[in-house]
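These notes concern the structure reproduced below.
The values are calculated or read from the model by the stated rules, or taken from the named source; none is laboratory data. Since we're looking at a predicted model, the values are computed, not measured. Methodologically, a virtual Cβ is constructed for each residue, glycine included, from the backbone with ideal geometry; neighbour enumeration extends over all protein chains shown.
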Amino acid sequence: MARRRSDPGMALGEILLWILFFALLVPAGVTGWAIGHYTGQKTRTVTVSASGTPATTSAATTAAATTQQATTAASTQQTTASTQKTTTASAAPSPAGNAAQAKAVFTSSGCGACHTLKAAGSTATVGPDLDTKLAADAKKAHMPLAAFTLQSIVNPNAYIASGYPKGVMPQTFGKQLSKAQLAALVSFVAGGK
């Protein structure tokens with residue numbers, strides 16, 4: 001039986017194909033890891049059981065559960081109702097949590113792609129510098145800083161900063177962001193000025 005000789009052109013082509021494969025695979029893997037690593041940090045998952053009480057343990061929930069076990073059937077219904085109300089209400093976050101949440105809103109909404117804001121670590125120059133021009137523009141518009149900042153987010157064409165064209169900033173933030181997100185964003189952007 002005769003032995004087949006391998007074609008050197010085929011071996012070289014196969015080697016180049018493997019090199020191309022790894023040259024594309026490694027950056028894609030690193031990029032996927034970075035996206036997953038840096039965007040999944042801010043989520044908080046709360047599991048709720050079928051009865052409406054949280055499966056997680058906190059001081060309020062543990063106290064409510066202990067009270068529930070010690071009371072009669074009538075007071076048990078009242079405790080369950082108050083426990084359910086507790087699960088829907090949010091606890092008052094710490095000021096550091098508010099700043100972190102507001103920075104996350106600033107970043108996820110793409111504000112840093114156009115604006116400079118030291119607190120957010122952004123240095124873009126497409127839109128006005130929020131560290132220096134925001135307070136001056138609010139004064140020119142004869143508005144309190146917080147009200148001017150909110151108006152500039154939800155209706156950006158109401159006041160156009162000198163040197164910047166109309167219609168560049170998206171008009172949709174008033175609909176995309178919740179009232180809580182808008183309040184946090186206004187506080188973050190206007191904070192310390």
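Only one of these conditions is not met by THR149: (1) under 16 Å from the mean Cα position of the chain (by Cα); (2) surrounded by 13 or more Cβ atoms within 10 Å (Cβ to Cβ). Which number is it?
(1)
Tally the residues that are surrounded by fewer than 16 Cβ atoms within 10 Å (Cβ to Cβ) and either among the β-branched types (Val, Ile, Thr) or touching a strand residue (DSSP E or B) at 6+ places or on another chain (Cβ under 7 Å) (or both), restricting the search to segment 172-188.
Within segment 172-188, residues that are surrounded by fewer than 16 Cβ atoms within 10 Å (Cβ to Cβ) and either among the β-branched types (Val, Ile, Thr) or touching a strand residue (DSSP E or B) at 6+ places or on another chain (Cβ under 7 Å) (or both) number 1.
Looking at segment 127-139, can you tell me whether even one residue there is within 16 Å of GLN171 (Cα to Cα) and touching a residue at least 40 places away in the same chain (Cβ under 8 Å)?
So far as segment 127-139 goes, yes, one or more of its residues are within 16 Å of GLN171 (Cα to Cα) and touching a residue at least 40 places away in the same chain (Cβ under 8 Å).
Could you list, in sequence order, all residues of segment 125-165 that are of a type in the set (Gly, Ala, Ser), in a loop (DSSP other than H, G, I, E, B) and more than 20 Å from LYS179 (Cα to Cα)? Before the answer, list the steps.
Of segment 125-165, the ones of a type in the set (Gly, Ala, Ser) are 127, 135-136, 138, 141, 146-147, 152, 158, 161-163.
Checking the rest, the ones that are also in a loop (DSSP other than H, G, I, E, B) come to 127, 141, 158, 161-163.
Answer for segment 125-165, where residues must be of a type in the set (Gly, Ala, Ser), in a loop (DSSP other than H, G, I, E, B) and more than 20 Å from LYS179 (Cα to Cα): GLY127, ALA141, ALA161, SER162, GLY163.
State the number of residues belonging to segment 166-193 that are among the basic types (Lys, Arg) and outside any loop (DSSP other than H, G, I, E, B).
Within segment 166-193, residues that are among the basic types (Lys, Arg) and outside any loop (DSSP other than H, G, I, E, B) number 2.
Before we move on, is ALA135 at pLDDT 90 or above, surrounded by fewer than 18 Cβ atoms within 10 Å (Cβ to Cβ) and among the aliphatic types (A, V, I, L, M)?
On the way: at pLDDT 90 or above: yes; surrounded by fewer than 18 Cβ atoms within 10 Å (Cβ to Cβ): yes; among the aliphatic types (A, V, I, L, M): yes.
When the stated conditions are applied, ALA135 passes them.
Can you tell me which residue is farthest from the chain's Cα centre (by Cα) among those in segment 6-49 that are of a type in the set (Val, Ile, Thr) and at pLDDT 70 or above? Talk me through it step by step, then tell me what you get.
Pass one, segment 6-49, residues of a type in the set (Val, Ile, Thr): 15, 19, 26, 30-31, 35, 39, 43, 45-48.
When the remaining residues are screened for being at pLDDT 70 or above, the result is 15, 19, 26, 30-31, 35.
Numbers: ILE15: 44, ILE19: 38, VAL26: 28, VAL30: 22, THR31: 19, ILE35: 14 Å.
Per the stated criteria, the residue is ILE15.
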